[in-house]
Each structure stands twice: as C-alpha cells, then as structure tokens.
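Trainee: There's a structure below that I have some questions on.
Readers should treat all values here as calculations from the given coordinates under stated rules, not as data from a laboratory. Since the model is a prediction, treat every value here as computed from it, not as a measurement. We place every Cβ from the backbone using ideal geometry, glycine too, and count neighbours over all the protein chains shown.
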C-alpha cells in the first residue's frame, strides 16, 4: 500500500491542509494516520493501478466528482504557488487553503521531497512537474534534465521529459507518468522497497545491494536477460554521474501480462562530494568505482564482451555533460561545482 500513498511532499501538504482547516473551523488539528495519507491521494492520480473502496459494489474512495487535473497552461501559476507555500507568512494569506488544494489534488508522485504537482497535457496524458525550491543552491531542475538527457544517450530506458523556465531563476523539470498507457489505462507499479520487503531507510548500511534487485528480476521478471542488462547499465551510469540517491524507492517495476518489468529510470541527479551509491554494488561495497560493476558481471551477463561495450556507451554519453549543461543555460560556476560528480568529461 505504501506505493499508493503520498510521498514526503504530499504528506507535508496534507498536514498543512488539516492545520488550515482546523484554524478555519476553530478546532484542534487532528493527527493524520497512514490511512488518512493513503486515502488523501486523489483516485485519478494515484500511482499504479490499485484503487480502494469500502464495499465491492461501492464507489472508489477519493474519486471526487468534478475533480480536474491542472492543465499544462497552469504550470507557471503552480510554480509560484509552491514557492509561496515555502514562506512562513503564507499561512496568513486568504488564498492559503485554496493554494494547498491546488497542489493537494496531485497528491502522490514518484517519491521524494521536491515541491511538485501533477498536470495534464493537451492529449490528456499525466505528467509530474517538479518545481524549484527557495532553498535550492543550484538549478536542480536543469541538472535533472541534464541527467535525463545523458541517461537517454547512455541507452537507459527513460520516460519522456522536458524542462521549462518560468518567472524564476531555476527550471521546473517535467516527466511523463509511465504508469499509464497511451489511452490512459492504469498500469500496476511497485517499488523495489515493496518487492524486496524492506522499509524506508534500508540501504547499504543494512546490506541492501543491487544483487538483490538482480535476484528479483531473475525469479520474477518477464524479460530476465533484457532487464538484467538494463539494471547493470544503470549501475554504470549512476556511478558515472554520482547519482547517489538511488535508494529502493527510486527503483520500480511495472506489471505486464508476462510479469514484472523494470520501470523506466527516474529521479536521477548528479551529486558532487559523494563517496558511494545508496545501495551496495557488490554485497559489501558501494563505492563509485567502475571496477565494482565489473566484479558483478557474472550476475548480469552470459557474454563477457557486452559489458565493456556498455561501459563505452555510458562513458561516451556522460563525457558530454558540460555541453548539455551549457545548452540548458547552467552557469559556469554551477558547472565547476558539479564537475566532481562526473567520472568522465
């Protein structure tokens, strides 16, 4: 059920809305429980394909009549609202509750603490917009766009994405939801933390490694050979850009008629001054070292020649990072600060 519940940002908004309603109604704010968070996500936007109801013939919960997803044209306004909500004084604004409701409706997303909302494009497809934050020391949205473009160039499976700059200095990063078909039907999604039976906070210190993800694919995957290669390619890429927020919620699976498939890669960001991935690469080591990826080749490949070809493809893409960063208007100062995140280039 945790994959259907809101992320950190969604929970913050739900708590704020409850506090605002309590002030308006002259009562004490009530404590929200897991069921409140779970059922507080609007049914139309809930991640994956699980839906909830009290009775078999009853209505789906949180399926609000008249609900509409904010349109693409509201992105600039939504960004400004998310920035205003970071100000302590915003609680005194008469529009405060309305602002919360505008961002509350999107509810859940693909995880993380970034301010975000769901929007709908002209064709009706759902996208997630990740907004800048006042506390950002760099253009996080632009760097995620750089990571996405490098990942695509390195051969990783990624969902469509783009970045947009509105009134502020920094970019909003947008990515298309991959848990919906072209026609809008729901696709079951499950995070690696759910599939492997871990809890939030379990990582390298708990002994969690990529070998466990490989074992899950081996035992339950619909296309074992293809997804094992994809996972190993991601390990090499994550080392190459220091994508060290690769915790278990940032790995996912989609249910097909054949079985579970690796979802497109998501939430990738270069992190300078990092010493290792969040998950172990071997059973005991998480260092940003390509040789560790080479050590685990037997778990992922039958042909020892293919991995070196993949390393070459990843290296060629990552080496372009400065050119890509310039194209998205990232200042030279930021590029120099981020340079330590990239293994090549």
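Trainee: Work out the FRET efficiency for residue 283 and residue 152 from their Cβ-Cβ distance, taking R0 = 41 Å, and round it to the nearest 0.05.
Mentor: After rounding, the FRET efficiency stands at 0.85.
Trainee: Right, another one. Using only Cα atoms, find the angle between the long axis of helix 75-85 and the longest principal axis of the chain, and express it within 0 to 90 degrees, rounded to the nearest 10.
Mentor: Approximately 80 degrees, to the nearest 10.
Trainee: Based on the alpha-carbon gyration tensor of the range 189-341, what equivalent-ellipsoid semi-axes (square roots of 5 times the eigenvalues) come out, in whole Å, largest first?
Mentor: Rounded to whole Å, the semi-axes are 26, 18, 16.
Trainee: In addition: Could you work out how much longer the chain between residue 194 and residue 27 gets when fully extended? Use 0.36 nm per residue separation minus the Cα distance between them, nm to one decimal.
Mentor: Length gained between residue 194 and residue 27: 56.4 nm.
Trainee: Something else about it: Quick one: grab the alpha carbon gyration tensor of the range 12-90, order the square roots of its eigenvalues as a ≥ b ≥ c, and give me rounded if a/c is under 1.5, else prolate or oblate depending on whether a/b is larger than b/c.
Mentor: oblate
Trainee: Here's a follow-up. Take residue 35 and residue 182, extend 7 Å from each Cα along the Cα→Cβ direction, and tell me the distance between the two endpoints in nm.
Mentor: So the two model labels end up 4.2 nm from each other.
Trainee: Quick check: the distance between the Cα centres of the range 1-73 and the range 142-204, to the nearest angstrom?
Mentor: So the two Cα centres are separated by 22 Å.
Trainee: Taking the 0 to 90 degree range and rounding to the nearest ten, how far is the long axis of helix 224-241 tilted relative to the main principal axis of the chain, both from C-alpha atoms?
Mentor: With both axes taken from Cα atoms, the answer is about 80 degrees.
Trainee: Right, here's the next one. Give me the compactness ratio for the chain, meaning the Cα radius of gyration over 2.2 N^0.38 Å.
Mentor: The chain yields a ratio of 1.02.
Trainee: Continuing with the same structure: Under the rule a/c < 1.5 gives rounded, and otherwise a/b versus b/c splits prolate from oblate, where does the range 2-135 land using the Cα gyration tensor?
Mentor: oblate
Trainee: Rank the residues 333, 114 as a footprinting-exposure proxy: fewest other Cβ atoms within 10 Å of their Cβ go first.
Mentor: Least crowded to most crowded, the residues run 333, 114.
Trainee: Listing 296, 241 from the residue with the fewest other Cβ atoms within 10 Å to the one with the most, what is the order?
Mentor: Arranged by neighbour count, lowest to highest, 296, 241 become 296, 241.
Trainee: Another question, then. Which angle between 0 and 90 degrees, to the nearest 10, do you get for helix 8-25 versus the longest principal axis of the chain when only C-alpha atoms count?
Mentor: So the helix axis and the longest Cα principal axis differ by about 10 degrees.
Trainee: Does the range 237-313 come out rounded, prolate or oblate by the C-alpha gyration tensor, with a ≥ b ≥ c the root eigenvalues, rounded set by a/c under 1.5 and, if not, prolate when a/b is larger than b/c and oblate if not?
Mentor: Oblate shape, in that a/c is at least 1.5 and b/c is the bigger or equal ratio.
Trainee: Another question, if that's okay. Please check: in the Gaussian network model of the chain (C-alpha springs, under 10 Å), which one of 189, 33, 178 has the largest mean-square fluctuation.
Mentor: Highest fluctuation of the listed residues: 33.
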